[in-house]
Amino acid sequence: MKEVPVDPPVVIAEYDSSWPRIFETVANTISTGIGDLWLGIEHIGSTAVVGLRAKPIIDIDVVVKREDMPLAIERLAKLGYVHQGDLGIKDREAFKAPPGNPAHHLYLCPEDSEEFVRHIAFRDWLRTHLQVAAEYALLKQRLAAEYGADRDGYTQAKTAFIATQLSEASEAKGSVPFASLLLLRPI
């Protein structure tokens, strides 16, 4: 009988000051590899929030023009990235990192991607609301213990908290949508 691989449990680590440097290294490789296609490369997720405990996996969004998505996917493949499709999330293409690279998730987004806007909004909200970030860290620690290796369950269990915080962030910004507040900047 063939053994079914078991995912390791979700581990939440203390903040590591090397995470921004790891992001910079990976982002530089990506920016060189996809050339002039990228409009922005952003460090997102919990590892992008100084002091926040997180899974030690760097999350990266690469933004390109919608019409450049197919070419960007090809160029990322030449770098060794494995395209995984949108994984059920509109306007966000996921990639598995090449072997031997630092642990990271890569997402390719068109410039008008709502998911990209959500990623930036949540990251920036946590960066500027330390009590919310502390609550989020405790939630993640509890959920990691509760869900173990069930990564989908762990992720789904965070959804309500994230949605509430995005709603509060949106209200705090007033009626101006996040997309109009974003400035894509090169690394």
Discussion item. For the condition within 19 Å of T155 (Cβ to Cβ) and β-branched (V, I, T), what is the one hit in V132, V82?
Written reply: V132
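Scan the stretch 40-98 residue by residue and report those that are part of a loop (DSSP other than H, G, I, E, B) and of a type in the set (D, E).
Just the residues of the stretch 40-98 that are part of a loop (DSSP other than H, G, I, E, B), to begin with: 45, 49-53, 55-57, 65, 79-81, 86-92, 97-98.
The answer is D86, D91.
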Worksheet, complete the sentence: Only one of (1) closer than 24 Å to Y136 by Cα; (2) over 18 Å from the mean Cα position of the chain (by Cα); (3) hydroxyl-bearing (S, T, Y) does not apply to S18, and that is (2)
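For V6, indicate whether it is modelled with pLDDT under 95, of a type in the set (V, I, T) and exposed (fewer than 14 other Cβ atoms within 10 Å of the Cβ). Please lay out each step first, then the result.
Values: modelled with pLDDT under 95: yes; of a type in the set (V, I, T): yes; exposed (fewer than 14 other Cβ atoms within 10 Å of the Cβ): yes.
In short, yes.
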Practice prompt. All but one of (1) part of a helix (DSSP H, G or I); (2) surrounded by 18 or more Cβ atoms within 10 Å (Cβ to Cβ) hold for E24, so report the exception by its number.
Written response: (2)
Worksheet item: Could you give every pair whose Cβ atoms fall below 7 Å, whose first residue belongs to the stretch 10-22 and is over 13 Å from I57 (Cβ atoms), and whose second residue is of a type outside the set (A, V, I, L, M), counting only separations of at least 6 or pairs across chains?
Response: E14/R53; Y15/G51; Y15/R53; P20/H43
Fill in: V63 within 15 Å of I120 (Cα to Cα) and touching a helix residue (DSSP H, G or I) at 6+ places or on another chain (Cβ under 7 Å)
yes
Worksheet item: part of a helix (DSSP H, G or I), surrounded by fewer than 18 Cβ atoms within 10 Å (Cβ to Cβ) and of a type in the set (G, A, S), is that true of A149?
Response: no
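Take the residues in the stretch 70-97 that are surrounded by fewer than 16 Cβ atoms within 10 Å (Cβ to Cβ) and over 17 Å from the mean Cα position of the chain (by Cα); name whichever of them is farthest from H119 (Cα to Cα).
Here is the first cut: in the stretch 70-97, the ones surrounded by fewer than 16 Cβ atoms within 10 Å (Cβ to Cβ) are 70-71, 74, 77-78, 80, 82-90, 96.
Among the residues that remain, those that are also over 17 Å from the mean Cα position of the chain (by Cα) are: 70-71, 74, 77-78, 80.
Working: P70: 22, L71: 23, E74: 24, A77: 24, K78: 26, G80: 24 Å.
Looking at the filtered set, the residue picked out is K78.
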Item to complete: Select from the stretch 129-141 the residues that are in contact with a helix residue (DSSP H, G or I) (Cβ under 9 Å, 6 or more places away or on another chain) and either surrounded by fewer than 13 Cβ atoms within 10 Å (Cβ to Cβ) or in a helix (DSSP H, G or I) (or both) and list them in ascending order.
Response: V132, A133, E135, Y136, A137, L139, K140
Practice prompt. Mind listing whichever residues of the stretch 56-68 are in contact with a strand residue (DSSP E or B) (Cβ under 7 Å, 6 or more places away or on another chain) and buried (at least 16 other Cβ atoms within 10 Å of the Cβ)?
Written response: P56, I57, I58, D59, I60, D61, V62, V63, V64
Worksheet item: Can you name every residue in the stretch 110-120 that is assigned to a helix (DSSP H, G or I) and either over 13 Å from the mean Cα position of the chain (by Cα) or under 16 Å from L52 (Cβ atoms) (or both)?
Response: E114, H119, I120
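The values are calculated or read from the model by the stated rules, or taken from the named source; none is laboratory data. Remember, it's a predicted structure, so these values are computed and weren't measured experimentally. No Cβ is skipped: glycine too gets one built from the backbone with ideal geometry, and neighbour counts run over all protein chains shown.
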